[in-house]
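Visitor: Structure in structure tokens, see below.
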Amino acid sequence: MPLEKTAAIVLKSFHYGDTSKIARCYTRDFGKLSIIAKGVLTSKTLQSGYLEPMNCIALSFYHNPKRQLQIFSKAEFDRPMLSLKNDMKKLSYGFAVVELVDRTVTGEERHAELFHLTEEILDTIDRSGGHLNRIFWYFEIALLSLLGFRPHLSECPHCQKEMTSAFFSLGYGELVCGDCISGSGRSVSPEALTVLRKLTRSDLDSLSEIACGAKERKEVGNFLAEYISFHVEGLREVRSLRVMESVLA
Ligand SMILES: [Zn+2]
């Protein structure tokens, strides 16, 4: 089995027996992999700490494409993410990011852009002084775009007219104008639509410049959550965010 080395983001990990650990990792070069680290919990090398969710690591492992579990060799930190790990709110958003990646990415298909985006978002959350919701929305929109589900935010996809306000159609799974909505749909106000458009044009370091009141915050968050669960199979909600909302309530 060849020893491989790749940049990786730990999505999830759990103890296996008394001495080992299994981690699900999103890697730059091999897509999603499950890795078993045998004996790591009793080893004096402290390698176990690298296999915790949200860690961005340089991972060495023995690769056998025919096996479901790859064998861990060693790891070291690419970025330590100290602020993210010590802040309850950042931690919840970080968990939501890796949970979304875990539930949208399937199999060992590499996707360099998505890997880079995830790494960049975790790093931005780590460095951020606030505006975590905007960073997370930016991530949701960028993730949707990479998966081919970027929402239409300007023209109504049915009549091509410019949308001033919009409705999220639960039948079509997209935003449509007031003339084209039929059946049930959640309304998205002109202000919330403006925030969404700005999010698609902004870069990560300028997100704090996007003004957003409490009402729009709720609308934008709800719309993106519903839009994602419509388009990503099996994703009803991002559990980590629900946990965070109940903690902060
Ligand atoms: Zn229309």
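Visitor: Has region 84-94 got any residue that is at pLDDT below 95, outside the structural domain of residue 225 (by TED's automatic domain parsing), in a loop (DSSP other than H, G, I, E, B) and surrounded by 15 or more Cβ atoms within 10 Å (Cβ to Cβ)?
Guide: Checked region 84-94: no residue is at pLDDT below 95, outside the structural domain of residue 225 (by TED's automatic domain parsing), in a loop (DSSP other than H, G, I, E, B) and surrounded by 15 or more Cβ atoms within 10 Å (Cβ to Cβ).
Visitor: Report yes if residue 110 is surrounded by fewer than 20 Cβ atoms within 10 Å (Cβ to Cβ) and in a helix (DSSP H, G or I), otherwise no.
Guide: no
Visitor: Among (1) at pLDDT 95 or above; (2) out of contact with any helix residue (DSSP H, G or I) (no Cβ under 8 Å at 6 or more places or on another chain); (3) farther than 19 Å from residue 21 by Cα, there is one condition residue 125 misses while meeting the rest; what is its number?
Guide: With respect to (1) at pLDDT 95 or above; (2) out of contact with any helix residue (DSSP H, G or I) (no Cβ under 8 Å at 6 or more places or on another chain); (3) farther than 19 Å from residue 21 by Cα, residue 125 is out only on (2).
Visitor: Additional query: Only one of (1) at pLDDT below 90; (2) of a type outside the set (A, V, I, L, M); (3) outside the structural domain of residue 11 (by TED's automatic domain parsing) is not met by residue 44, so which one is it?
Guide: Among (1) at pLDDT below 90; (2) of a type outside the set (A, V, I, L, M); (3) outside the structural domain of residue 11 (by TED's automatic domain parsing), the lone unmet condition for residue 44 is (3).
Visitor: Mind checking which residues of region 81-140 are in contact with a Ser or Thr (Cβ under 9 Å, 6 or more places away or on another chain) and of a type in the set (Gly, Ala, Ser)?
Guide: 83, 92, 94, 96, 128, 129, 130
Visitor: Show the residue pairs meeting these rules: Cβ distance below 7 Å; 6+ apart or different chains; first residue within region 177-192 and closer than 24 Å to residue 211 by Cβ; second residue among the aliphatic types (A, V, I, L, M) and in a helix (DSSP H, G or I).
Guide: From residues that are closer than 24 Å to residue 211 by Cβ, the pairs are 192/220.
Visitor: Additional query: Does residue 130 count as away from the ligand (no atom under 16 Å from the Cβ) and either free of Cβ contacts under 8 Å to residues at least 24 places away in the same chain or not assigned by TED's automatic domain parsing to the domain that holds residue 194 (or both)?
Guide: No, not satisfied.
Visitor: How many residues are within 16 Å of the ligand (Cβ to nearest atom) and more than 22 Å from the chain's Cα centre (by Cα) if we restrict to region 189-229?
Guide: Within region 189-229, residues that are within 16 Å of the ligand (Cβ to nearest atom) and more than 22 Å from the chain's Cα centre (by Cα) number 1.
Visitor: Can you name the residue in region 162-188 that is surrounded by fewer than 17 Cβ atoms within 10 Å (Cβ to Cβ) and more than 15 Å from residue 223 (Cα to Cα) and, of all such residues, is farthest from the ligand (Cβ to nearest atom)?
Guide: Ranking the qualifying residues of region 162-188, first place goes to 183.
Visitor: Shifting gears a bit: Please determine, by comparing only the residues of region 138-161 that are more than 15 Å from the ligand (Cβ to nearest atom) and among the hydrophobic types (A, V, I, L, M, F, W, C), which one is farthest from residue 118 (Cα to Cα).
Guide: In this case the residue turns out to be 149.
Visitor: Applying the selection to region 61-78, what residues are of a type in the set (Lys, Arg) and closer than 16 Å to residue 48 by Cα?
Guide: Start the filter on region 61-78 by keeping residues that are of a type in the set (Lys, Arg), which leaves 66-67, 74.
The one that is of a type in the set (Lys, Arg) and closer than 16 Å to residue 48 by Cα: 74.
Visitor: Could you check region 47-63 and list, in sequence order, the residues that are of a type in the set (Phe, Trp, Tyr) and at pLDDT below 95?
Guide: 50, the sole residue that qualifies.
The values are calculated or read from the model by the stated rules, or taken from the named source; none is laboratory data. Here the structure is a predicted model, which is why all the values come from computation and not from measurement. So basically every Cβ, Gly included, is an ideal-geometry build from the backbone, and we count neighbours across all protein chains shown.
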